[in-house]
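Here's the structure we're looking at; comments come further down.
The values are calculated or read from the model by the stated rules, or taken from the named source; none is laboratory data. What you see is a predicted model, and the numbers here were worked out from it, not measured in a lab. Because the Cβ atoms are built from the backbone with ideal geometry, glycine has one as well, and the counts that use them run over all protein chains shown.
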Amino acid sequence: MNLVEKIFKTHLVSGELKAGTEIGLSVDQTLTQDATGTMAYLQFEAMGIPRVRTKISVSYVDHNTLQTSVENADDHLYLQTVAARYGIYYSRPGNGICHQVHRERFAVPGQIMLGSDSHTPTCGGVGMIAIGAGGLDVAMAMAGAPFYTTMPKVVLVRLEGKPGAWVAAKDVILALLGRLSVKGGAGKIFEYGGPGIKFFQVPERSTITNMGAELGATTSIFPSDEITRKCMKHQRREKDWIDIGPDGDAAYDEEIVLDLNGLEPMIARPNSPDNVCPVRDVAGTKVHQVCIGSCTNSSFHDLMMVAAILKGKKVPPGLSLTISPGSRQVLELIGRNGALEDLIESGARVLEPACGPCIGMGQVPPSGGVSLRTFNRNFRGRCGTLDAEVYLASVETAAATALTGVITDPRELGKSVKSYGLGNVRIDDSFIVPPANDPEKVVVIRGPNIKELPKKGPLGDSVEGEVLLKLEDNISTDHILPAGDQVLKYRSNIPAISEFTFLYVDKDFVGRAKEKKGGFILGGANYGQGSSREHAALAPMYLGIKAVIAKSFARIHRNNLINTGILPLVFTNEAEYDSVDKGDALRLKDVRTALVRGDKRIAVLNITKKSMAVWTEHNFSEREKQIILAGGLLNYQAQKSAGGQ
């Protein structure tokens with residue numbers, strides 16, 4: 001068996017480990033962050049369950065930390081009190097980015113974790129199956145329900161050779177993105193192996209698994225080996241370590257070989273993580289801003305590398321350099337060993353341990369500016385400036401660029417900097433608040449910005465509406481519902497946040513949706529890639545969107561659409577995408593009857609053009625079909641409870 005199969009086998013509650021079929025998996029741990037967590041806990045509360053049923057559930061505050069108005073602070077009070085009441089650990093603002101802190105303090109090899117953040121696979125760096133999902137799926141896991149997913153293909157990524165000077169883990173995943181694209185991991189799990197894995201410590205492995213999300217993969221994982229044991233021992237958690245990896249004769253659905261010997265520093269150009277080339281191809285490009293951090297590259301290893309490169313040097317005028325440590329532990333480490341002083345003396349601006357600029361919370365580039373970032377996404381407008389050009393690269397490339405003011409291949413710096421290991425860590429979990437011992441005495445605080453969950457009714461037999469928007473391939477959840485400080489504060493208020501739906505794509509969309517009382521969205525391939533934010537489904541549902549018809553869907557967003565009761569339909573013949581236009585009136589006639597009957601294809605009538613039906617298909621499992629018929633997962637669960645199931 002391969003590693004994925006080993007872990008899945010011990011957690012399998014339904015189905016069989018056959019690629020393409022639906023399986024149910026028991027979940028050991030859950031993770032939420034504040035931008036998605038508030039809604040997840042509102043959904044959990046709606047189930048009426050007195051206590052979480054996982055081994056560990058942790059609520060992190062790392063996204064909405066600017067607190068420029070009361071909404072964020074109110075949500076944080078809700079999160080802290082709801083955690084105390086329902087048995088959830090609460091990581092306070094300033095304690096760090098969820099994925100970095102969770103890898104340090106909670107991740108366990110061989111276990112399964114579900115997180116309401118698409119970069120949850122970060123913890124795959126310690127040999128854990130860690131999967132990003134929508135908040136409602138995470139709420140269900142906290143309630144003790146299995147996580148249902150289509151069994152992915154398991155792809156072995158075999159690392160051969162040894163990385164050369166100045167070649168980093170970030171270059172490995174960027175090289176894969178350049179080879180496979182942002183759609184290349186759809187329906188797959190990437191399992192890393194081969195002799196080359198021994199050259200990457202756990203923080204570096206986590207960089208690779210983190211950005212597996214950009215491939216569209218279900219998750220990515222490294223074996224738990226002696227390198228993992230040393231890392232967990234360093235965190236005083238060796239008792240949680242197990243030695244787990246694939247059998248010697250393990251079989252895989254696919255295999256990819258990556259030769260580390262031939263790898264060089266890589267960079268993703270604007271405006272997609274797969275727009276990759278060698279750094280040397282764009283060297284000399286003037287840069288206004290360099291941002292180092294995010295859940296991808298904010299470890300002690302990363303920041304020590306940067307400090308060593310910048311030590312005794314100055315950032316040139318006209319360039320802004322920011323550093324976001326991944327956790328309070330990392331910040332304390334570099335504070336004690338002198339690296340923080342080196343960073344400050346170089347001219348770097350040190351931000352709090354949080355997501356910050358990665359999600360558009362501060363450090364917005366100038367108009368038409370160029371920003372080089374060690375982050376994981378560079379979708380247009382995500383940084384807060386629509387016409388900015390954002391590049392993604394390793395901390396080595398970022399530090400070299402910060403010194404010169406132009407994109408610089410780090411090999412130009414000469415002799416490479418040595419690795420600094422894991423640091424002399426002091427364990428302090430005082431910023432992780434355990435749940436209350438007397439939960440019945442806890443009063444859950446709900447600020448005025450927290451609104452009731454929106455729901456829709458059961459699916460009708462005839463669904464009609466106008467095509468409100470027609471979109472190209474690779475539309476991300478950032479396109480559907482942006483992040484940034486003006487939007488994120490409304491994550492617990494669907495009526496308010498819905499006003500920002502498709503803001504940077506079509507500013508008239510919301511008004512049109514209201515005027516037409518909802519309708520349809522037409523999408524291209526890989527619709528809904530990127531973030532796990534279920535708000536990108538909840539807000540359209542609130543505005544009356546009845547179905548999204550696309551060439552294909554990203555996994556998490558498809559699940560979120562189903563969970564909110566929106567029909568995700570796929571063109572049976574992609575060429576028919578061109579026959580439907582924005583403004584066309586469509587009708588799904590007898591759609592409920594067709595689903596109940598078991599039809600896999602649904603006819604879409606174009607009333608405007610009086611043309612023959614366009615055929616779509618859905619590929620719902622029986623469980624997903626029942627959720628759609630009920631009008632969403634919460635309705636479905638309520639029906640099951642009422643029926644005594």
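Scanning segment 388-411 for residues that are of a type in the set (S, T, N, Q), part of a helix (DSSP H, G or I) and under 23 Å from Val172 (Cβ atoms) turns up Thr397, Thr401.
This table checks each residue for (1) in the same structural domain as Leu586 (by TED's automatic domain parsing); (2) touching a Leu at 6+ places or on another chain (Cβ under 6 Å); (3) of a type outside the set (D, E, K, R).
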residue: Leu469; (1), (2), (3): yes, no, yes
residue: Asp473; (1), (2), (3): yes, no, no
residue: Ala483; (1), (2), (3): yes, no, yes
residue: Tyr504; (1), (2), (3): yes, no, yes
residue: Glu515; (1), (2), (3): yes, no, no
residue: Arg533; (1), (2), (3): yes, no, no
residue: Ala539; (1), (2), (3): yes, yes, yes
residue: Ala554; (1), (2), (3): yes, no, yes
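If you check Ser118, Ser181 for being surrounded by fewer than 24 Cβ atoms within 10 Å (Cβ to Cβ), closer than 28 Å to Ser476 by Cβ and polar (S, T, N, Q), only one passes: Ser181.
Considered as a group, the residues in segment 132-158 that are in contact with a helix residue (DSSP H, G or I) (Cβ under 7 Å, 6 or more places away or on another chain) and surrounded by fewer than 24 Cβ atoms within 10 Å (Cβ to Cβ) include one that is farthest from Asn376 (Cα to Cα), and that residue is Ala143. Criterion applied to Pro435, Pro353, Pro410 was being within 21 Å of the chain's Cα centre (by Cα) and at pLDDT 95 or above, and the one residue passing it is Pro353. Residues in segment 613-629 that are among the hydrophobic types (A, V, I, L, M, F, W, C) and in contact with a Lys or Arg (Cβ under 7 Å, 6 or more places away or on another chain) were compared, and the one that is farthest from Asp461 (Cα to Cα) is Trp615. Scanning segment 429-452 for residues that are of a type in the set (S, T, N, Q) and either outside any loop (DSSP other than H, G, I, E, B) or free of Cβ contacts under 8 Å to residues at least 24 places away in the same chain (or both) yields a count of 2. Of everything in segment 487-537 that is in a helix (DSSP H, G or I) and among the small types (Gly, Ala, Ser), the residue that is farthest from the chain's Cα centre (by Cα) is Gly511. Just to be sure, is Lys546 charged (D, E, K, R), under 30 Å from Asp75 (Cα atoms) and part of a strand (DSSP E or B)? Judged against the criteria, Lys546 is a match. Annotation for segment 379-387: at least one member residue is surrounded by fewer than 17 Cβ atoms within 10 Å (Cβ to Cβ) and not in a helix (DSSP H, G or I).
Restricting attention to segment 52-108, the residues being hydroxyl-bearing (Ser, Thr, Tyr), surrounded by fewer than 24 Cβ atoms within 10 Å (Cβ to Cβ) and within 21 Å of Val27 (Cα to Cα) number 4.
Here segment 356-376 is the region considered, the condition is being at pLDDT 95 or above and under 18 Å from Thr207 (Cβ atoms), and the residue that is nearest to the chain's Cα centre (by Cα) is Asn376. Just name the residue that is nearest to Ser299 (Cα to Cα) out of those in segment 360-390 that are of a type in the set (A, V, I, L, M, F, W, C) and out of contact with any Leu (no Cβ under 7 Å at 6 or more places or on another chain). In this case the residue turns out to be Leu372. Picking from residues in segment 184-241 that are aliphatic (A, V, I, L, M) and in a loop (DSSP other than H, G, I, E, B), the one that is surrounded by the fewest Cβ atoms within 10 Å (Cβ to Cβ) is Ala186. For Glu254, only one of the following conditions fails: (1) under 27 Å from the mean Cα position of the chain (by Cα); (2) not assigned by TED's automatic domain parsing to the domain that holds His63. What is its number? Among (1) under 27 Å from the mean Cα position of the chain (by Cα); (2) not assigned by TED's automatic domain parsing to the domain that holds His63, the lone unmet condition for Glu254 is (2). Of all residues in segment 150-182, those satisfying the criterion of being touching a strand residue (DSSP E or B) at 6+ places or on another chain (Cβ under 8 Å) and either on the phi > 0 side of the Ramachandran plot or assigned to a loop (DSSP other than H, G, I, E, B) (or both) are Met151, Pro152, Gly161, Val182.
Does Lys455 satisfy being assigned to a loop (DSSP other than H, G, I, E, B) and more than 30 Å from Leu333 (Cα to Cα)? Spelling it out, Lys455 is indeed assigned to a loop (DSSP other than H, G, I, E, B) and more than 30 Å from Leu333 (Cα to Cα). Within segment 1-22, the residues that satisfy the criterion of being of a type outside the set (Gly, Ala, Ser) and more than 17 Å from Gly248 (Cβ to Cβ) are Ile7, Phe8, Lys9, Thr10, His11, Leu12, Val13, Glu16, Leu17, Lys18, Thr21, Glu22.
Quick one: in segment 265-287, which of the residues that are in contact with a Phe, Trp or Tyr (Cβ under 7 Å, 6 or more places away or on another chain) and among the aliphatic types (A, V, I, L, M) is nearest to Gly184 (Cα to Cα)? Checking each candidate, the answer is Ala268. Here Asp599, Asp590 are screened, and the one residue that is farther than 15 Å from Leu522 by Cβ, buried (at least 16 other Cβ atoms within 10 Å of the Cβ) and out of contact with any Leu (no Cβ under 8 Å at 6 or more places or on another chain) is Asp590.
Residue-by-condition table, conditions (1) in contact (Cβ under 8 Å) with a residue 40 or more places away in the chain; (2) assigned by TED's automatic domain parsing to the domain that holds Gly356; (3) surrounded by fewer than 20 Cβ atoms within 10 Å (Cβ to Cβ):
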{"position": "Pro270", "(1), (2), (3)": "yes, yes, yes"}
{"position": "Gly284", "(1), (2), (3)": "yes, yes, yes"}
{"position": "Val287", "(1), (2), (3)": "yes, yes, no"}
{"position": "Ile292", "(1), (2), (3)": "yes, yes, no"}
{"position": "Ala307", "(1), (2), (3)": "no, yes, no"}
{"position": "Leu310", "(1), (2), (3)": "yes, yes, no"}
{"position": "Lys313", "(1), (2), (3)": "yes, yes, yes"}
{"position": "Pro316", "(1), (2), (3)": "yes, yes, yes"}
{"position": "Ser320", "(1), (2), (3)": "yes, yes, yes"}
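Within segment 159-174, the set of residues being surrounded by 21 or more Cβ atoms within 10 Å (Cβ to Cβ) and aliphatic (A, V, I, L, M) comprises Leu159, Val167, Ala168, Ala169, Val172, Ile173, Leu174.
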